[in-house]
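> Below is one structure. I have some questions about it.
Just so it is clear, none of the values below were taken in a lab; they were calculated from the coordinates. Bear in mind the structure is a predicted one, so any value in this text is a computation, not a measurement. Don't worry about glycine lacking a Cβ; one is built from the backbone with ideal geometry, like all the others, and counts go over all protein chains shown.
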């Protein structure tokens with residue numbers, strides 16, 4: 001099945017929907033066992049993608065003339081012997097249940113850590129000078145446990161934490177990094193479905209299995225990086241004579257000050273450590289211009305998922321069909337199209353299937369820090385992550401594109417394809433900080449993901465919204481994210497064609513893409 005293209009795109013290769021279907025069907029099959037990192041299925045996926053790149057005639061861009069970039073990691077499995085106990089100054093302690101009440105990981109990569117430390121409530125745990133916000137107010141966290149809410153202060157003001165849109169300050173990754181930097185031994189993030197944008201089961205599934213980290217590089221790490229459920233948080237603060245809802249309201253003010261609680265966390269964290277090497281899969285088509293070929297447009301998608309959970313009853317394989325066999329299908333089709341084009345654009349094209357996105361964007365973080373050409377020479381990253389094959393989209397989401405000087409080109413190209421640009425349907429979910437383009441943005445590369453909107457041919461927007469809601473609630477990070485024979489891949493082919501057109505334009509225009517002046521990632525671009 002070939003997707004129709006506009007007259008302006010008649011001289012470029014055409015995306016084939018059935019190629020994308022074949023990739024999704026294979027990568028999400030039970031044979032690949034959920035593509036877990038450091039597991040046989042993940043290795044099979046990397047090998048498959050590398051062989052596909054080679055078959056197209058692309059050049060390897062990995063280590064030592066191969067298609068593979070080695071990424072050293074440590075897999076950590078929190079074992080059932082792990083215990084959390086909340087100990088008040090007076091009264092009986094409360095024993096918590098792993099997975100039901102809390103999840104935790106030892107980011108310090110120790111097999112055993114024992115913690116007996118006071119808990120300090122620090123609101124959202126944010127220091128943001130540009131918004132005149134500081135939750136810490138000089139509070140010393142060394143040797144203590146930080147208790148905080150996920151997300152960030154409630155705001156409708158676009159000049160204050162970007163209004164309803166989530167900034168990186170609201171992401172759990174920022175909070176763990178910041179509290180560790182300030183000397184905390186443990187952090188307890190309070191989960192609320194409305195604030196996190198996903199239910200506790202997603203946290204449980206993501207953190208309850210083996211979780212991977214890049215090998216230690218000297219950056220401070222927590223011995224117990226943790227989430228606790230809302231009910232557990234209510235019990236915890238009640239032990240200190242406080243009310244969680246009132247604390248939430250207090251956390252909305254710039255005047256908030258940390259509140260030491262008369263409660264300690266007594267924890268025994270037992271972990272199984274498994275060092276391993278995973279791989280990014282990287283290929284390139286060199287540009288045609290003698291000078292500009294040293295610059296590049298980058299296309300990315302992660303190939304990993306959650307692997308197998310043998311402790312789970314019933315279906316144990318997290319097949320990851322939508323998340324993200326679909327992005328890999330698009331990436332491979334983009335690579336095939338680029339390789340088959342008669343003429344290369346002036347700049348080079350790089351195709352990177354990255355590992356360990358589900359573990360915290362680790363593969364893309366490593367690639368961003370160790371690209372085979374300088375990050376300053378990568379003009380743009382276009383990322384593809386979890387596109388539902390449910391029909392032909394009439395809209396496209398390109399959240400973050402407006403932060404770059406490339407946005408007028410994106411607008412014009414969307415018009416050529418008959419696509420309306422839809423604003424982020426869930427700006428409070430912080431999707432910009434939850435996929436691999438963010439790792440590239442952090443090292444200065446103008447980056448964004450391409451996704452469908454919610455309006456599909458033959459349906460109204462309410463139908464599209466219902467499909468998205470059903471996926472998040474019933475399939476996201478669950479074994480039921482499986483390939484379906486009745487899926488319609490015509491829309492993914494259209495997204496591929498759209499991404500290819502953007503990539504060619506970025507690779508052809510005279511000037512490199514830049515961040516808009518004042519953007520949070522502009523300083524990294526100027527380094």
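> Using alpha carbons only, how many degrees (0 to 90, rounded to 10) separate the axis of helix 40-56 from the longest principal axis of the chain?
The angle comes out at about 20 degrees.
> Rounded to the nearest 500, what is the chain's calculated 222 nm mean residue ellipticity when only DSSP H runs of at least 4 contribute -39500 (n - 2.57) each, over all residues?
-8000 deg cm²/dmol
> Give the peptides 22-28, 245-251, 351-357 in descending order of average Cβ contacts within 10 Å, highest first.
351-357, 22-28, 245-251
> Would you mind getting me the FRET efficiency between residue 526 and residue 465? Use the beta-carbon distance for r and R0 = 30 Å, nearest 0.05.
0.15
> How high is the relative contact order of the chain, given as a whole-number percent (alpha carbon pairs under 8 Å, six or more residues apart)?
With pairs under 8 Å counted, the relative contact order is 21 percent.
> Here is a follow-up. Work out how much length residue 402 to residue 192 would gain on full extension: take 0.36 nm times their residue separation and subtract the Cα-Cα distance, in nm to one decimal.
Computed gain between residue 402 and residue 192 is 72.6 nm.
> Compare the peptides 358-371, 254-267 by average per-residue count of other Cβ atoms within 10 angstrom and give them in order, highest first.
Listed from highest to lowest mean packing, they are 358-371, 254-267.
> What residues from the stretch 174-218 fall in the zone where the backbone N is under 19 Å from a label point 7 Å along the Cα-to-C-beta line of residue 312?
Output list for this probe position: 198-212.
> Using a Förster distance of 35 angstrom, determine the FRET efficiency expected from the C-beta separation of residue 369 and residue 114, and round it to 0.05. Don't skip to the end; give the middle numbers.
Numbers: r = 33 Å, r/R0 = 0.94.
In this case the efficiency is close to 0.60.
> Quick one: helix 17-27 against the long Cα principal axis of the chain, what's the angle to the nearest 10°, folded into 0 to 90?
40 degrees
> If each of residue 127 and residue 340 carries a label point 7 Å out from its Cα toward its Cβ, how far apart are those two points in nm?
5.4 nm
> In nm, give the distance between the simple-model label positions of residue 54 and residue 289, each being 7 Å from the Cα along the Cα-to-Cβ direction.
3.3 nm
> Between residue 173 and residue 95, what length in nm is gained on full extension when 0.36 nm per residue of separation is reduced by their alpha carbon distance?
Details: separation 78, 0.36 × 78 = 28.08 nm, distance 2.63 nm.
The residue 173-residue 95 span can extend by a further 25.4 nm.
> Using only Cα atoms, find the angle between the long axis of helix 326-340 and the longest principal axis of the chain, and express it within 0 to 90 degrees, rounded to the nearest 10.
30 degrees
> Where in the stretch 418-450 does the label zone of residue 473 land, with the point 7 angstrom along Cα→C-beta and an amide N cut-off under 19 Å?
So the set is 425-429.
> Just order 466-472, 305-311 by mean Cβ neighbour count inside 10 Å, highest at the front, would you?
Values: 466-472: 15.0, 305-311: 19.1.
Highest mean packing first, the order is 305-311, 466-472.
> Simple spin-label model, 7 Å along Cα-to-Cβ: residue 253 to residue 181 in nm?
2.7 nm
> If you don't mind, there's one more thing I want to ask. At 0.36 nm per residue, and after removing the present C-alpha to C-alpha distance, how many nm does the segment from residue 160 to residue 262 gain when stretched out fully?
33.4 nm
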